[in-house]
Amino acid sequence: MDLLPPISASLGAMGSLYGKLDAFLDTELKDEIRELGSRLLKLAKAQDLPVTARIWMKEVRDLSYDMINCVDTDADWIDKMSRIFKPRVKEANGRYDRYKLESVPSRRMNIVPIPTVVGDRKPDIGLHAKGGVVDRLCRTLTDGDEQLKVLSIVGVGGIGKTTLAKQLWREHKPGDYFDCRAFVRTAKKPDMRRILRSILAQVRPHQPPDANEVHDLIHDLTEHLKDKRYFIIIDDLWDTSVWDVAAHAFPKGNHGSRIIATTEIEDVALACCSYQSKYMVKMEPLSESHSKELFTSAVFGSGEQHSCHVNEVPDEIIRRCAGLPQAIISISSILASYGEANTVENWEQIQNCLPTNTTSDEILKEVLIFCYKSLPSCAQTCLLYLSMYPENYLILKEDIMKQWVAEGFIRAPTEKEKMEVAGSYFDMLVNMGMIQHIDIDYSDEVLYYAVHHMVHDIITSKSIEENFVTVIDYSQRTVRFSNKVSRLSLQFGGATYATTPARIGQSQVRSLAYNGLVSCLPSISEFKLLRFLILHIWADQPSTGVNLRRISELLLLRYLQVTCNDTVQLPDQLQGLKLLETLEINARVAAIPSDIVHLQSLLHLRLGGGTELPDVTGILKSVTLNPPPSSSGRTISLDGSGSPPESVKTIELLPPICRIPKWIGRLTKLCVLKIVVRELLMDDISNLQGLSALTVLALYVQQRTTEQISFATGALAALEYFEFGCGVLHLSFAEGAMPNLQRMKLGFNAHRGDQYGCLLFGIEHLSNVQEIVGVIGSTAGAEEHDLQAAESAFKIAIGEHPSNVSLKASYVVEEYGPLEKQHSVRGKDPSTSSELSGSQKQESEEAIKQKADNNSQSIN
């Protein structure tokens with residue numbers, strides 16, 4: 001029991017309670033709690049328990065939360081634990097004996113739990129078997145017919161519709177054939193306002209939507225698209241009503257525009273393409289041979305090793321997967337995780353757990369449930385937590401990892417190790433297909449993820465069963481609630497009159513996630529026991545700001561994230577928040593609390609751009625400045641701001657900043673720096689070169705540099721990943737500079753008629769570099785031969801390296817750089833949070849951050 005995480009879905013707060021037993025004076029109470037925890041753990045390892053056992057477990061979990069709340073909040077908790085809770089604990093143990101739960105009939109999982117770490121999975125695995133469909137759709141998209149065409153992709157869940165749509169999305173970038181594009185995911189309970197705002201934000205990225213009403217959004221879309229060749233993908237349609245409304249926003253015109261809709265329902269598919277079946281693509285299950293090939297390659301890899309094992313795959317497992325790529329990949333990921341420990345018994349046990357003679361939907365559902373049950377207990381908890389987010393909500397890996405750690409789902413000695421474990425769980429869920437890649441940029445790096453809709457249904461149901469997360473959405477009128485709610489998710493979206501049900505006991509809620517309009521936001525100060533608070537708020541009417549002054553009353557708060565399009569008003573002082581570790585305000589802040597310097601537990605601070613950086617002196621590990629939602633490319637200066645403490649390990653400055661602040665050179669423990677600046681001079685580089693602990697540097701420059709950027713001998717000795725983007729590439733590396741550099745990504749622009757000199761002087765000195773990625777942008781007037789000349793010059797420069805480094809070069813169709821695009825996922829309308837991150841012609845600040853995060857995690 002000592003190895004349990006503090007909080008879990010199956011054991012409640014028993015792990016946290018165990019960690020505090022040494023402080024208990026009542027020996028009898030300690031023994032009773034240990035006995036209670038052991039019994040709860042035993043039942044948690046079983047499957048298909050009778051109702052009596054499940055009710056007992058729920059009551060014990062509720063009791064564990066009551067006890068830990070008492071320990072955390074009451075000054076006389078020692079007396080209360082003996083006087084109030086000891087009788088309740090003894091009574092719970094007594095009921096266990098009376099109900100004879102020790103010998104209750106149950107079924108234990110008869111398969112070895114999958115390891116924590118599993119191999120990488122390719123996002124588009126399985127598409128090779130559908131090459132004919134891909135080719136057919138590609139031809140139709142660009143066949144030269146100037147009439148608007150609507151294509152429908154229909155098929156059962158898990159057949160690969162979204163994967164196919166994403167492939168088409170990546171192959172048709174703006175400027176290649178279409179003027180603009182948008183990819184939007186719907187849901188079973190669609191919010192038309194969100195869907196239309198999402199499309200408008202993507203096809204018109206430099207002018208965020210102002211309209212809020214559906215008819216106004218339709219008008220704005222029609223006006224913007226009327227003279228353009230556009231490409232729209234509407235993924236996961238469930239009802240023709242969504243299409244009936246959205247279709248009014250798409251002008252027919254004679255510009256060769258295309259729309260693709262994906263759905264599981266044939267009637268919806270036909271309605272979208274005006275009942276012209278020739279424009280409907282019906283996806284069929286994989287053949288047995290293709291299924292076996294996909295399964296074998298997923299388990300054993302490709303090449304000779306793959307060929308040697310083809311005949312080992314039991315045909316019955318293949319047959320029971322019914323040709324569904326999602327089912328095949330999910331099951332194969334479990335077997336792949338065993339590696340050399342794989343046995344015939346494992347194959348047989350999995351085969352016996354798979355359904356037979358049922359529908360495709362039921363097969364996929366049973367496979368996903370089986371995968372969930374195969375997860376380690378901690379990973380199950382982490383997956384269930386994702387039901388806090390609405391269906392098809394876009395998530396960032398780093399955010400979710402931090403939230404898992406903050407919630408107490410991960411047990412490890414240090415914060416770094418907790419993040420590593422959280423990252424391994426996230427990767428496991430991706431490999432199993434529970435979490436899907438959604439937004440992948442031109443260099444095949446994953447930016448955003450979403451939970452598969454069927455998985456979301458499963459975990460929402462399971463969370464209700466376990467009383468782990470209670471979800472309220474704007475469409476619900478009557479919902480069964482437990483008498484105790486620990487985690488509450490209010491998913492109101494664009495609803496204007498949504499309210500929190502009065503019968504929910506707000507004083508018992510530990511975690512609250514809110515997504516909706518500011519007018520529907522409940523009184524946060526009523527949630528006295530909150531440890532964890534996420535607010536995604538949208539002000540759809542002019543206001544004086546979002547008043548969060550009373551959050552200082554939430555004395556147990558550890559994690560606070562606020563995303564808003566309006567000014568956030570924080571309290572003048574935060575002196576009561578002694579446990580606060582993460583403070584993320586992705587919005588304009590009216591004023592920083594004066595005593596923020598006294599928050600001794602604060603580890604991570606994120607503030608909206610334009611906010612004066614406070615002089616934080618605690619044990620801060622990361623500082624971030626992000627552009628607020630309404631920023632218009634303005635540049636801010638930070639040299640007049642207070643500097644963070646020397647203990648800081650991560651800094652993200654993404655507005656852009658005028659120059660690199662001088663105080664950065666004093667941060668001797670800084671490990672990760674991600675920064676966008678207006679200009680870069682050698683004085684700035686000199687300021688960075690002595691950062692001996694820096695392992696990740698992502699540096700983007702808005703203005704063209706006029707001098708060579710040189711890195712001296714001994715510069716950045718610990719650096720392992722370097723990302724640099726500027727209109728002109730002119731870097732120099734002295735012998736002994738960046739001696740540990742392993743990966744490098746460089747972006748620059750091709751200009752009309754440019755003659756390229758030495759782009760990378762001294763690259764041969766970077767002897768440990770294994771991978772170099774180049775991204776070349778096209779400026780106004782640049783033609784194909786200019787891009788080719790730039791690529792040739794880049795390859796010649798890389799050719800000076802003595803080793804056979806991995807080289808990848810690609811083009812973007814506008815000037816390279818993230819600076820003209822000032823809306824990241826953190827600054828968007830929460831009601832449009834399921835959208836892709838706008839045009840992939842350029843990288844947003846969030847993309848820079850996410851990629852550098854991925855590299856820093858893999859390095860560390």
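Read the figures in this text as sums done on the coordinates, not as results from a lab. These numbers were taken from a predicted model, which means no experiment stands behind them. So basically every Cβ, Gly included, is an ideal-geometry build from the backbone, and we count neighbours across all protein chains shown.
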- Gap in Å between the Cα centre of region 245-270 and the Cα centre of region 172-189? 12
- Message: With just the Cα atoms defining each centre, how far is region 482-557 from region 319-333? Give it in Å.
- Response: 40
- Message: Using a 7 Å offset from the Cα along the Cα-to-Cβ direction at both S38 and Q349, what is the distance between the two label points in nm, to one decimal?
- Response: 2.5
- Query: Among S552, G516, W538, whose Cα sits farthest toward the positive end of the charge dipole of region 469-568 (+1 at Cβ of Lys/Arg, -1 at Cβ of Asp/Glu, about the Cα centre)?
  - Reply: S552
- What pairs from K173/K282; K416/K808; K20/K45; K528/K578 go past 20 Å between their alpha carbons? K173/K282; K416/K808; K20/K45
- Task: Work through the residues other than G155 whose Cβ is under 9 Å from its Cβ and net out their charges, Lys, Arg +1 and Asp, Glu -1.
- Result: 0
- Tell me, what is the FRET efficiency for K20 and A591 to the nearest 0.05, using R0 = 25 angstrom and their Cβ-Cβ distance as r? 0.10
- Message: Using Cβ contacts closer than 10 Å as the measure, can you line up S64, S489 from fewest to most?
- Response: S489, S64
- For K662, list the lysines whose Cα falls under 18 Å from its own Cα; do not include residues on the same chain fewer than 8 positions away. K649, K674
- Approximate spin-label separation A780-W238, in nm, with each point projected 7 Å along Cα-to-Cβ: 4.7
- Note on the structure: Per the 1/(1 + (r/R0)^6) rule, R0 = 25 Å and r from the Cβ atoms of A734 and S803, FRET efficiency to 0.05 is 0.85
- How high is the FRET efficiency from S792 to Q147, r the C-beta distance, R0 51 Å, rounded to 0.05? 0.80
- Note on the structure: The exposure ranking of S463, S601, fewest beta-carbon neighbours within 10 Å first, is S601, S463
- Could you work out how far apart the two model spin labels at R88 and N768 are, taking each label as a point 7 Å from the Cα in the direction of the beta carbon, and quote it in nm? 5.5
- Using only Cα atoms, locate the centre of region 576-603 and the centre of region 1-27, then give the distance between them in Å, rounded to an integer. 29
- What relative contact order, as a whole-number percentage, does region 1-57 give when Cα pairs under 8 Å and 6 or more residues apart are counted? 28
- Item | Mean Cα-pair separation over length for region 469-568, i.e. relative contact order, pairs under 8 Å, 6 or more apart, % | 22
